[in-house]
Every structure is written in C-alpha cells, then in structure tokens.
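What follows is a short report on a single structure.
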Amino acid sequence: MLEVKSVSKDWKEFRLREISFDVSEGEHFIILGPSGAGKTVLLEIIAGIIEPDAGRILLNGEDITHWPPERRGLTYIPQNYALFPHMSVFDNIAFGLRLRRVPRAEIERKVKEIAEVLGIAHLLHRKPKTLSGGESQRVAIARALVVEPELLLMDEPFANLDVQTRSKLLGEMKRWRRELGFTALHVTHSFEEAVSLGDRVGVMLDGRLVQTGSVRDVFSRPASEEVARFLGFENIIEGTAEGRVLRSNGVEIELPAEVRGRVRVGLRPEDIILSLGPIRTSARNEFKALVESVEELGPLVRVHLRIGGLHLRAFITRSSMLEMGITKGREVYVSFKASALHVF
Amino acid sequence: MLEVKSVSKDWKEFRLREISFDVSEGEHFIILGPSGAGKTVLLEIIAGIIEPDAGRILLNGEDITHWPPERRGLTYIPQNYALFPHMSVFDNIAFGLRLRRVPRAEIERKVKEIAEVLGIAHLLHRKPKTLSGGESQRVAIARALVVEPELLLMDEPFANLDVQTRSKLLGEMKRWRRELGFTALHVTHSFEEAVSLGDRVGVMLDGRLVQTGSVRDVFSRPASEEVARFLGFENIIEGTAEGRVLRSNGVEIELPAEVRGRVRVGLRPEDIILSLGPIRTSARNEFKALVESVEELGPLVRVHLRIGGLHLRAFITRSSMLEMGITKGREVYVSFKASALHVF
Amino acid sequence: DYTLYFFAALGSFLVVYIALPLLVILAKQASDFDMLLRALHDAYVIEALRNSLLTATATALIALLFGVPLGYVLARKEFPGKSLVQALVDVPIVIPHSVVGIMLLVTFSNAILDSYTGIIAAMLFVSAPFAINAARDGFLAVDEGLEHVARTLGASRLRAFFSVALPMAFPAIASGAIMTWARAISEVGAILIVAYYPKTAQVLVMEYFNNYGLRSSRPISVILIVMSLTVFVILR
Amino acid sequence: DYTLYFFAALGSFLVVYIALPLLVILAKQASDFDMLLRALHDAYVIEALRNSLLTATATALIALLFGVPLGYVLARKEFPGKSLVQALVDVPIVIPHSVVGIMLLVTFSNAILDSYTGIIAAMLFVSAPFAINAARDGFLAVDEGLEHVARTLGASRLRAFFSVALPMAFPAIASGAIMTWARAISEVGAILIVAYYPKTAQVLVMEYFNNYGLRSSRPISVILIVMSLTVFVILR
C-alpha cells in the first residue's frame, strides 16, 4: 500500500540515499537504526513535511510525492507526541474529525469510542501538560487513529517512557492493532520494539536502508558487516582461513567449520570470557591479552583488549571488573568457543 | 590536611547532610556517587564558592569556612574545565602566577616546565576553543597545578572525554601525581576512576557521605543496603531465615551459610541465569518466573521478573534476549548459586 | 563582598535617576490636587487624550494586522534577503524622531500633513518594530512540529496557523501589541513635524509648557504617566 | 505555498513602509546636491551636529559607567526587590518623551534648563535602559564558573571581573553602547522641553522645518540618517 522508491534527500546533517521499501496493508513495519541514521527525516518525507530531492512515494498506487500533508490521508506522531497544549484532550482527539466536518454527535461518539479502547476516557477534559508520558502517548495515538488513516507513522513512540509504562504500552499496541486494524510504519532504535511489534523490519544505517526482511531473518542472517556490527558483532576479525584455522595479525583462531581463503568472522563481545589465569579446555580459543582501556556502560563494562596485533572488545559486568581488578595495562586471559564465531 | 566537619547545605534541589571526612597529605581521595548526589555542591563549598549552612572546613588546622576562595590556597577544576576562552593556553596557565606577582622570566619557566610534564608544550599559543577534550583537560590541570596548591579539587575530570583519551589520561594522572606530588580530592560517578586512582573513597548518596574507606574495603563490604544497591546489588531480598533456608514472599531460597531470624540478602542481576527450560543442578536455586518487562541498556538488557510475590531483576545480553525471544509475559526459568547471595 | 556592594552603589545611581523624577512629579502633583482636577475638566485636555488613545490604538492594530504575518514569515521561512529585512525592521529605532517626521513628509507630503493619518503614520513608523519582533519571537517559540501534525490531521497551512500557531503565540503577540501601543503614545518628535494638529496629549504637554509654564503642563504629564505605568504593569 | 505568499504580501507592506521613506529622502536629496553642500557649510548646522555627537557620546559613556556595574549586579546577584529594579529599568521606554522632559524639569529645574547637562539628562533617561539591559545580558552569557575558577586561582572578585567577566562580555556591552548612543541621538521630545539651547541637530531639523520649510530641513535629516545607518551597520 505504501511504496517508497529511491528516495534521496540532503537535509541538515542527514543524507538519505536511494531508500526503497514497501509496506503492505495491515502490516506493522519497523525501521530500526541508531540515532542519526536519518529515520525522522524519512518519516517526515513520507508525511509530506519535507520534500525529497529525488525519488517517489506511492500510496495505494497513487504518486503522492508532491502532495501537501493534509491531502495524503496518513497521520504522523512525532517523538514528542506534539499534543496541542492549548486544547483539552477531547479537542486534541477531535481535531482531525472537525476538519473533516463530521457532525458534532458523531465526533462525540467516535472520540469516546477510541478513548475507551485506549483507556483514556477519564482524561478527556484534561489539558495535555497535566498528563504523564504514557497518557500523552495514548492521546497522540487516539488523535492519529480516530480519523482512520491509511497509514500511521510513528517516530520513536516509546522512547520517552519509563520501563514499566513502555512495557505496558508495547503489549497494548498489539491489542490496539488487532482491535482497530491499522497499518503502521514505526522508526526506532530499540531492538525490543522491533522484536515485539515488527512484522517486518528494515535496518537503516547512515542514511541507507541496508537490509529488509522478517525480524528473525534480519537478526540471524545479517547481510553485511555493518549490519552485523549494528546487531552486536562488535568484533569483526579478518584473516586467511585454512581449514579450521584462521590466521589474523599473527594470531591463530579455531573456526567452527572448514573454510578457505580471505574470510571475515564476527564475534560478540559478550561471548568472550576474561580470566586472570589460563582455563584451557579442548573446545576453546584462549589467548593472553593486554587491557588497553575499559569503558563503563552503566552496570556493564566494555574492555578493549589487544592480542598481538589483534584488537578485541569484551563485555564484563562492573562487579567482575572490580573483583578482577581490571584496569588499563593489566594482562588477562581471553577465551571464546569456536562456535561463537560467525563466518560471513 | 583537609578536614570537613559536619557540613550541611540546602542549595537548589540539593541537600547536603552532615558531611564529615578528611584527606591526608599526598592522598588521592575520591568521592563516588550517582549524579544528583550533591557532589559538585560539596566541592564548591570546599573551594569557597558556596557558603555552607552549617559545619566547618579546616585546611592544615586552620578554619577556612568563611575565607574567600582566593585566600584558601586550593585550586578547583569544574567539570567543563572553565578555560578562559579569551586567553591563549599560555595565558590561561600563567593566570595564577601573574596574580601572585611572580617575575616574568620565572612565569615563562614554570609554565614551560608544567606544559612539558603534561605534554601540552606545543599548544601554548593556541586558543582554548581549538583544543580537543583531552587537551583542554590537560590545560586545566596545568593551570591548577602550576600555582602549587595545597589541594586540587576536581569535578568529574574524565566525564567529557572519549574512551581512548579517558583511558590514556587516567594512566597519566597517576604519573603526574608521582612527578608533581599533589594532594587531590576528586568527585565522580565512575567506578573505574575510583578503582584506578583512589587511595581512599567515600560513597555519597542523596546528600550524605554513607561510607568511607579504602577502595577494596568499600566495594567488598558495603556498610548498608543502599550502598549495596549503589554498588550493584539490585536485588535485596528480605525474609525469615531458618538455617540454610530463607523464606520470602512464599519462595524458599537456599543460603550460603546458616542464619536465623529476619535477614536481608543481596543478589547481583548478573548472577541470575535465565533459561527457557529447567537446568536443575544440586548447587542452584531454580524457579519458574514471569517476565514483567525488559529494559534495554545498550548491549545489555535488564529483565524484570516475578516469582510468586518476589520481584527480581536480571541482566542478559541483547543477543540472548533476541535468541531466547524474551518479552513481557513470557515464562522463563531463573537460577542462581547460593554462593551468589550476600547476607548483610 | 565589597566589590558587589561598590557595583551596586554605582548602579543605584541610574536606578535612582529613573525612579526619582517619577516619584517627584507624582508627589508634587499629589500636593497640588486642584490643578489635576482642573485638567480633567479641561475640554482641550480631554480631546487631546482622546486623540492620543485613538491614534495609538489604531497604530497598534495596524501594526498587528501587518506585523503578525510578517513575524510568522520571518519565524518559519528562509529566503534570500531575509537578514536585510530583519535589519530593516530594526532601523526605525535608531533614526532621530524629528528626522522620521521629515522623511514621512518628504515621502507622503500633504496626504499625511496635520491629520489623524499623519499621527498614525508617524506612530506606525517608530512602533512597528515592536509588533513585528514580538510576533516573530512568539512564533519561534511555537514548536513547528505542532503545525506539521495539524497538517497531517487534515489542516491546510492557513488553518494550522489559525488553530495552532496563532493561539499559542497569542500571549507574546499581545505583549508585543502593548509595547507597540506604549511606543506609539510616547512619540513626540515625529508627530510635531507631521501633525501638530489634531492635537495629541503628548504634544499638548509641550504646548502648555511653552504657553503657560511647567505647572500647567504637569497635570497632563501625570495623567500620561499613570496611563503608561498602568499599561506597563499589565505587560509584566 | 499560497498561505505563506499571502502572509509575505501582507508583511511586505510594513517592510516597504519602513524602506520607502528612507529611499525617497535619500533619492530626493541626491538630486538636490547643492542644498546638501550648503548645509555642510552652514556653521549653524555644524555646531548643532557637534552638539548632538558630543552629548550623545557623553550620554553613552555615563550610561556605561553606571549601567555596566548595575548590569553585573543584576546578572550575578539575587536580592529582594530585584524584579522591581528590573521593571524600573524598562520604564523609560513607555513614558511619552515630552512627559520625560517635564518630569526632569520638575525634579531638577534650573540645574538642567537649556544647558548641555539638560540635553544629556534627557538623553540619559531615555537611553540608559539599553546600556543596562545589554550589560546584564552580556554578563548572563558569561559562565559564572570562569569567575569562580579565576578566584580559586587567587583573583579577588574585582580582579576576576576585570580579567574575565568584562573582556568576555565586551562585545555585548559595545553593541549596547552603540544602541544607547543611537537612542540618545534620536531623542527630540524631551530635549525640546529641557534644553532647546544649546541647539542639537535633531532639534535644528525641527527649527529649520518650522522657519524655512521642508527643503531646508531635508539636508540635515539626510546627514543624521547617514550617521544613524552607519552606526546601525557597525552594530550588525
């Protein structure tokens, strides 16, 4: 129903490059990418707020590339929800219906109905600034869905919510879609949202849509090194394979299968085990490594390691760092299973 | 040499309560606490920028509580370094010497000398806004140390640096202290800084200094439940112990030692193992649990679990979450070793 | 802290310099209440006050009518020459008031000489910047995303302006309108040249001073001060 | 986008209304160059210009001397009555100019009548807010932490002010000084009442207009416009 064809745009510091994908009727399509990838710009182009430099946008077969937003028949929820602060919740939700000259009684009925479904019927007389984050999000969704749009565009809809609210609303979103039957395109940096809501997912990196497919497909078979990195393979080791041995920067690594020639393998930082002494077992790759730096990520610590000429990153918990006394310059033992290596 | 005695202060949203500690000659003392604990306010009180509501500050036995900052003989580096943007690096460093009417040739010599030690001799003619974060920090340290202060106060000195620079400067800080022999008081939220630089550490929570001691002491023997929580024991289970069994909210947990009566035990989220099926072994506590919500923390995920009436939090990596398909409402098995429980 | 006390002492000179004349004139007039009452029964004074209020209000309305759309365009649109327009808007602030009168007469000659139109023309020239800048700042403070969302919900750009941008910028625009009004009613130099008649209160102050002396011009001054201060207090 | 074009069309009325008189007077004078040259050789005109420049400059300096410390105190210190002081500083903007003259005469009477002091007194009253507000905003933009660090390095508060705060706020203060100067030289109404003599250029414009008509007052107007615009361009 939505087709995006080779859309390109230079906008401020963002550069969208030849973006193509399509969303089918009734689907929940998720565009997943780090912040700065240009996800919001893409959404605003589809909404009609920004004009693309090149490319076309089709909705139900009609070319809407140059239509103004009000004619497109799709609604948009920006990241801050953009509730109208000078109107009550009722008036916010009724806004689109009034523009469509729906009779007053009908407006009343429709607003009440959707407020019932979204659990905000008791908030209709309130002003937006008195609402919590979760309530604001429900109001924004109600306002966008009450006009029965062809397509609902959402920009990081769960990013500004606390864990509990977020988790609750993620669950309810599935129910709303069953009950109200809308089509959604939703951009996010959260893997959790992609896993729990996405029928299909597109990975967007640095202004390009690099892989599209079902959620399970994309996560288990990254199409390129950069997708792999984004999905968590922070270590990409390049070298020459001979059978089950990979030589890279003077280090010999045991592979899970027989390969020959130049290959690249991926290794997740959490699959690397650090220890102060050797713990040699048959199935493991084990090396002596030097700690180059450590980087605190809340309760987790990313340890930057050097084995000869090879650089690796490993995750350990903060308490392990404290117990093992891991700091720059320390020598540690690094081990990982051959089966933790993914050959691309 | 520095004695802080029962200092209290209400300042904006911060409330310091009866803070007492002392720093010895030549020591590197670190105050560790989350943001919002009031660490900066405490530092500004010691520097003389803010007056305390109550309490006294002694430097080498003299009561300096009401002295203006310029008479105290200690220097202060705020988090943003506060380099004077309208002066060259040389003039920044020379600022304190000029105020002390040091002869011109002597200033030249001293600035060059300290710039040599700190590796910024090639930057002396530059303006601060052309410097990188790491260079700015070195200049700020040079400016503060060139006047040979009794005590150097630093507010999150490594917070605005990237990982590599940070790691490098952490290492160099130790060398500078050996070469220049200063006394430092340094506030931070980083455990890494506490571990690598601190001779002693004070934990500051919510405006109170709750525990002071050597780094190893504080981290291995938290004095109270709130310190334990801050140090990573996110699960504190309260219940009634009978021998090796703890009963809490209808759940029976095996303890590492014999205890009796009401007790509280701590459990780190990373010591909890999640699995989709049971993996019973003799040494483990194992329970069926319901996933209440998941919270993404970069590459790590915090899973909120419920076992009957007991709430637990566990860490798993993002890739485990994706592989195991952990989302709200899922049933999983939770297990942890009795030895992972710390009885307070 | 001696430095701050010293600075405060220096600075209080200006504070006193501004406050003292206000207090003195109000105090002196309070002790000469008869004169004030007489002024309030002087048909000539009432007529002049009426003229001042009328022209200043008309000026503020005209400035709003044209200044609000201009402010919106300046807040929302980039276009070549924008910075020139921005600069031009601020020019009236720096031109001597008598010169403003000459400029307007040179340009519009008899069309504005000694008429209500002339008074309004002079007032509009010196006060329009306040309306334009206030509207621009008001619209800048409105998240453009709100208008975008209104448009995806089906509103045209004009409709989005009237139902979202304008109501939200209203407080800023209203306070700009008050400043415009106050600047308009404070103008003397340009009006003296363009339109000595019909007589406005601010010109009448001068005429009474020249013809009958300080004591006669004081009551009208006090009435104008009270009016201006009232408006100023409303503004804050 | 028709709405924006419509708004731009409405808004351009004001832009044209401000630009047109400027262009017309400059164009007309360019075609009457003799008159301009004659004005530049008129000793009376030169004397008046000298008076205007002198008094406006003196006013700007006095406003700086007292306004910079006041701005610093307003930027750095909380004290009871601060918001009253802030409000008072802005009062001169809303008081009719002729009333300002009356207020000053009522307060200072013969001490300022028809003297340089009087001109400066009138100019200072109406222009001081620009100096004070610019200084305050300039100091507010200087991170107070820089002064704190200067003090821990051994500087007294006064020394920290002169070596850190003042040099960093200097651009803001300088542009405030220019605005003060421009506002001072634009004043007419208050000066007409307080000090018709010594004659300032902005008053002379009015006198020539009254005595010899529009054509005679135009050259002085053009000279003042050019001066004001030059200063304005420097400011931007």
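The values are calculated or read from the model by the stated rules, or taken from the named source; none is laboratory data. Predicted model, so just to flag it, every value in this text is computed and none were measured. FYI the Cβ positions are ideal-geometry reconstructions off the backbone, even for glycines, and counts take in every protein chain you see. Areas reflect the complete protein model, heavy atoms only, side chains present, ligands, DNA and RNA absent. Shrake-Rupley method; radii C 1.70, N 1.55, O 1.52, S 1.80 Å.
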Single unsatisfied condition, D:F13 versus (1) facing chain C (nearest Cβ under 8 Å); (2) under 30 Å from C:F66 (Cα atoms); (3) open to solvent by less than 80 Å² (accessible area, probe 1.4 Å); (4) not acidic (D, E) | (3)
Answer from A:R244, A:R208, A:R229, A:R216 - the residue that is within 13 Å of A:F344 (Cβ to Cβ) and among the charged types (D, E, K, R) | A:R229
Among the residues of segment C:182-199, how many are more than 17 Å from D:Q202 (Cα to Cα) and among the β-branched types (V, I, T)?
-> 1
Go through segment C:1-45 and count every residue that is in contact (Cβ under 8 Å) with a residue 24 or more places away in the chain and of a type in the set (G, A, S).
-> 1
Can you run down the residue pairs with Cβ atoms below 6 Å, 6 or more apart or on separate chains, where the first is in segment A:71-83 and under 22 Å from A:K129 (Cβ atoms) and the partner is open to solvent by 10 Å² or more (accessible area, probe 1.4 Å) and acidic (D, E)?
-> A:Q79/A:E156
When you go through D:S217, D:S228 one by one, which is the residue that is without any contact (Cβ under 8 Å) to a residue 40 or more places away in the chain, open to solvent by less than 30 Å² (accessible area, probe 1.4 Å) and either under 14 Å from D:V126 (Cα atoms) or facing another protein chain (nearest Cβ under 9 Å) (or both)?
-> D:S217
Surrounded by fewer than 19 Cβ atoms within 10 Å (Cβ to Cβ), at the interface with chain B (Cβ under 10 Å from one of its Cβ atoms) and at positive phi - does that describe any residue in segment A:301-309?
-> no
How many residues are open to solvent by 50 Å² or more (accessible area, probe 1.4 Å) and over 13 Å from B:I307 (Cβ atoms) when one looks only at segment B:258-291?
-> 14
Looking across segment C:60-78 at residues that are assigned to a helix (DSSP H, G or I) and at the interface with another protein chain (Cβ under 7 Å from one of its Cβ atoms), the single one that is most open to solvent (accessible area, probe 1.4 Å) is C:F66
Check B:V203, B:V227 and return the single one that is touching a residue at least 40 places away in the same chain (Cβ under 8 Å) and either open to solvent by less than 10 Å² (accessible area, probe 1.4 Å) or in the same structural domain as B:G36 (by the TED database) (or both).
-> B:V203
Just for segment D:16-44: of the residues that are acidic (D, E) and not in a helix (DSSP H, G or I), which one is farthest from the other protein chains (Cβ to nearest Cβ)?
-> D:D42
If we scan segment A:122-139, do we find a residue that is of a type in the set (A, V, I, L, M, F, W, C), in contact with a strand residue (DSSP E or B) (Cβ under 8 Å, 6 or more places away or on another chain) and open to solvent by 10 Å² or more (accessible area, probe 1.4 Å)?
-> no
Could you list all residues from segment B:37-71 that are at positive phi and assigned to a loop (DSSP other than H, G, I, E, B)?
-> B:G38, B:G48, B:N60, B:G61
Among the candidates A:L161, A:L197, residue that is under 16 Å from B:G329 (Cβ atoms), assigned by the TED database to the domain that holds A:T75 and open to solvent by less than 30 Å² (accessible area, probe 1.4 Å) | A:L197
When the residues of segment C:174-205 are filtered to those that are out of contact with any Phe, Trp or Tyr (no Cβ under 7 Å at 6 or more places or on another chain) and surrounded by fewer than 22 Cβ atoms within 10 Å (Cβ to Cβ), which remaining residue is nearest to A:F84 (Cα to Cα)?
-> C:A174
Residues of segment B:135-184 being in a loop (DSSP other than H, G, I, E, B) and of a type in the set (A, V, I, L, M, F, W, C), which ones?
-> B:V146, B:V147, B:F158, B:A159, B:L161, B:F182
Determine the pairs where a residue that is at positive phi, located within segment B:154-183, has a partner that is at pLDDT 85 or above and of a type in the set (K, R) with Cβ atoms under 7 Å apart, the partner being 6 or more residues away or on another chain.
-> none
Selection within segment A:1-16 - loosely packed, with under 15 Cβ neighbours inside 10 Å and in contact (Cβ under 8 Å) with a residue 40 or more places away in the chain = A:S6, A:D10
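Each row is one residue, and each column tells you yes or no for (1) of a type in the set (K, R); (2) more than 12 Å from C:A150 (Cα to Cα).
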residue	(1), (2)
A:R17	yes, yes
A:V23	no, yes
A:G33	no, yes
A:L42	no, yes
A:I45	no, yes
A:I50	no, yes
A:Q79	no, yes
A:S88	no, yes
A:R98	yes, no
Criterion (in a strand (DSSP E or B), within 14 Å of chain A (Cβ to nearest Cβ), of a type in the set (A, V, I, L, M, F, W, C) and under 30 Å from B:L58 (Cβ atoms)) met by exactly one of B:V187, B:V195, B:V201, B:V218 = B:V201
Note on B:H125: of the conditions (1) in a helix (DSSP H, G or I); (2) in contact with a helix residue (DSSP H, G or I) (Cβ under 8 Å, 6 or more places away or on another chain), unmet is (1)
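Here's the yes/no breakdown for (1) basic (K, R); (2) over 29 Å from A:V195 (Cα atoms); (3) under 21 Å from the mean Cα position of the chain (by Cα); (4) at pLDDT below 95:
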position: A:E3; (1), (2), (3), (4): no, no, yes, no
position: A:D10; (1), (2), (3), (4): no, yes, no, yes
position: A:I19; (1), (2), (3), (4): no, no, yes, no
position: A:V23; (1), (2), (3), (4): no, no, yes, no
position: A:A37; (1), (2), (3), (4): no, no, yes, yes
position: A:L42; (1), (2), (3), (4): no, no, yes, no
position: A:L58; (1), (2), (3), (4): no, no, no, no
Applying the selection to segment D:145-174, what residues are within 12 Å of chain C (Cβ to nearest Cβ) and not basic (K, R)?
-> D:E147, D:A155, D:S156, D:L158, D:A160, D:F161, D:F162, D:A165, D:L166
Is there a residue being over 27 Å from the mean Cα position of the chain (by Cα), under 30 Å from B:V218 (Cβ atoms) and open to solvent by 20 Å² or more (accessible area, probe 1.4 Å) anywhere in segment A:331-342?
-> yes
